1. Quick check on my filter: what residues within segment 51-65 are in contact with a Ser or Thr (Cβ under 7 Å, 6 or more places away or on another chain) and either crowded, with 20+ Cβ neighbours inside 10 Å or assigned to a loop (DSSP other than H, G, I, E, B) (or both)?
2. Across segment 132-162, which residue is modelled with the lowest pLDDT among those that are in contact with a Ser or Thr (Cβ under 7 Å, 6 or more places away or on another chain) and in a helix (DSSP H, G or I)?
3. Please give the number of the condition Ile115 fails out of (1) closer than 19 Å to Leu168 by Cα; (2) more than 27 Å from the chain's Cα centre (by Cα); (3) buried (at least 19 other Cβ atoms within 10 Å of the Cβ).
4. Report whether or not Ile22 is within 23 Å of Thr242 (Cα to Cα), more than 24 Å from the chain's Cα centre (by Cα) and among the β-branched types (Val, Ile, Thr).
5. Can you tell me how many residues in segment 325-358 are in contact (Cβ under 8 Å) with a residue 60 or more places away in the chain, within 16 Å of the ligand (Cβ to nearest atom) and over 28 Å from the mean Cα position of the chain (by Cα)?
6. Which condition does Asp267 not pass, out of (1) within 16 Å of the ligand (Cβ to nearest atom); (2) out of contact with any strand residue (DSSP E or B) (no Cβ under 9 Å at 6 or more places or on another chain); (3) among the charged types (D, E, K, R), if it passes all the others?
7. Regarding segment 133-149, can at least one residue be identified that is buried (at least 21 other Cβ atoms within 10 Å of the Cβ) and under 12 Å from Gly91 (Cα atoms)?
8. Applying the selection to segment 220-262, what residues are within 14 Å of Ser289 (Cβ to Cβ) and hydrophobic (A, V, I, L, M, F, W, C)?
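The values are calculated or read from the model by the stated rules, or taken from the named source; none is laboratory data. The shown structure was predicted, so the numbers you read here are calculated from the model rather than taken from an experiment. Don't worry about glycine lacking a Cβ; one is built from the backbone with ideal geometry, like all the others, and counts go over all protein chains shown.
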Amino acid sequence: MLTDTHCHLDASAFDPDRDDVIRRARDAGTGVIITVGSGLESSETAVKLAGRYDMVYAAVGVHPHDAKEFTPDTAERIRELSAQEKVVAIGETGLDYHYDHSPRDVQRRVFESHISLALELGLPVIVHSREAEADTLSILSDSGVSRGVMHCFSGDLDMAEKVMAMGLYISFAGTVTFKNAERLREAAASIPDEYLLIETDAPYLSPVPLRGRRNEPSFLLHTAGKLAELRGVETEDIARITTLNAGRLFGTGGYSPEGKIAYKIRDSLYLNITNRCTNACSFCIRFHSDYVKGHNLRLDREPGLAELKEEIGDPSLYREVVFCGYGEPLLRLDLVKALAGWIKENGGRVRINTNGHGNLIHGRNILPELDGLVDSISISLDAQDEETYRALCRPFIEGAYRGVVDFVREAVKYVPDVTVTVVDAPGVDVERCREIARELGAGFRLRRYNVVG
Ligand code: SF4
């Protein structure tokens with residue numbers, strides 16, 4: 001299910017066929033639409049539309065274009081509207097120095113006033129920023145706001161990182177599909193899943209290949225498809241991730257209450273067999289999210305062999321079945337061996353993502369036991385020396401770094417494809433790690449800090 005986090009359903013462009021627009025959105029997989037007020041009248045209509053359509057929620061605010069019309073009475077009415085059922089945010093508000101339809105000092109003042117209201121009401125803020133990056137960032141930062149979204153993001157990765165550092169989400173619209181949007185696509189490809197949202201901004205900014213037509217929420221699929229292509233995942237992954245994020249920010253649903261033991265990313269199946277680990281890496285997603293690619297991975301118990309087989313079904317349907325790293329899978333060595341054997345017997349390929357502590361955990365060389373059961377293994381080296389490893393990975397086990405290096409040295413003897421992975425975290429000498437991998441006879445992969453899956 002897709003969530004269109006920003007559209008203007010109140011626009012007169014939708015007057016002739018609004019019911020059909022909603023129906024087409026639903027048919028195209030868009031299950032939630034947030035219609036965003038751009039002025040007082042528009043906000044009043046947004047609230048009414050949220051009352052009329054189950055899948056529609058509302059945001060209330062005054063666009064920077066109309067900041068000059070914002071009076072104390074407007075502020076009071078926005079406050080009243082925000083108390084209505086299904087109002088999930090304050091906005092859109094912000095700064096637009098491209099058109100300058102309102103004086104800049106007035107825009108700044110009205111923006112601050114919206115943020116104060118959002119903070120007071122505990123609602124997220126929907127921010128518009130055009131050619132006003134420095135002032136937008138400075139107002140947001142001074143306000144201390146940490147719940148909100150930079151809508152129809154048009155900045156670069158540097159701007160995105162500053163926005164995310166405040167805790168705000170980044171929402172991409174159809175502009176990411178436009179021909180001359182390389183810089184935007186670079187940001188869209190790189191920001192972590194946990195900060196990603198999508199929107200249409202309909203009736204404006206139709207995505208390629210529908211440019212020139214009136215935009216509508218059913219066209220969101222094209223923007224989701226472009227993001228999937230840029231991020232090397234499927235459209236359904238983008239739908240799940242962004243719907244979950246929208247649910248977190250706006251309370252519009254999308255959570256799965258139970259931890260998943262098997263989940264698909266691209267054409268591989270990932271197995272979540274434990275949340276325990278012998279490291280507490282400073283970058284580990286387990287410490288700030290229950291979700292990877294929109295899948296809830298927080299287990300309330302560890303799964304057994306039979307239920308994992310049932311979840312997998314036919315392993316030959318996947319490019320590979322991966323024992324993955326939301327915990328250290330080799331803590332459950334017996335289960336890994338039994339399941340890997342079954343996967344191989346049934347025509348599947350097996351990969352293990354591990355922190356390389358397997359031999360230390362079990363007090364013996366376990367690699368010969370994996371011979372013939374595992375096709376590939378990714379081992380997190382994560383540092384060029386013991387000291388950096390200790391600071392970054394915070395192991396609970398003595399001699400961990402040396403143990404990882406020895407594990408790689410043994411793995412290349414028994415597993416056909418061994419890759420050493422390193423996260424590009426501060427303090428990591430990536431080139432030295434690459435050299436260590438080469439010396440050990442393993443492949444090398446650099447993982448981006450804060451990107452999982
Ligand atoms: S080794 Fe993997 S699962 Fe364990 S703490 Fe580090 S990142 Fe998390």
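1. Once the filter is applied, which keeps residues that are in contact with a Ser or Thr (Cβ under 7 Å, 6 or more places away or on another chain) and either crowded, with 20+ Cβ neighbours inside 10 Å or assigned to a loop (DSSP other than H, G, I, E, B) (or both), segment 51-65 yields Val56, Tyr57, Ala58, Val60, Gly61, Val62, His63, Pro64.
2. Looking only at segment 132-162, we keep the residues that are in contact with a Ser or Thr (Cβ under 7 Å, 6 or more places away or on another chain), and these are 136, 149-154, 157.
Imposing the further condition that a residue be in a helix (DSSP H, G or I) reduces the set to 136, 157.
Details: Thr136: 97, Leu157: 89.
Residue satisfying both the conditions and the ranking: Leu157.
3. For Ile115, the exception is condition (2).
4. Numbers: within 23 Å of Thr242 (Cα to Cα): yes; more than 24 Å from the chain's Cα centre (by Cα): yes; among the β-branched types (Val, Ile, Thr): yes.
Spelling it out, Ile22 is indeed within 23 Å of Thr242 (Cα to Cα), more than 24 Å from the chain's Cα centre (by Cα) and among the β-branched types (Val, Ile, Thr).
5. Residues that pass the stated criteria total 2.
6. (1)
7. yes
8. Ile241, Leu244, Leu249
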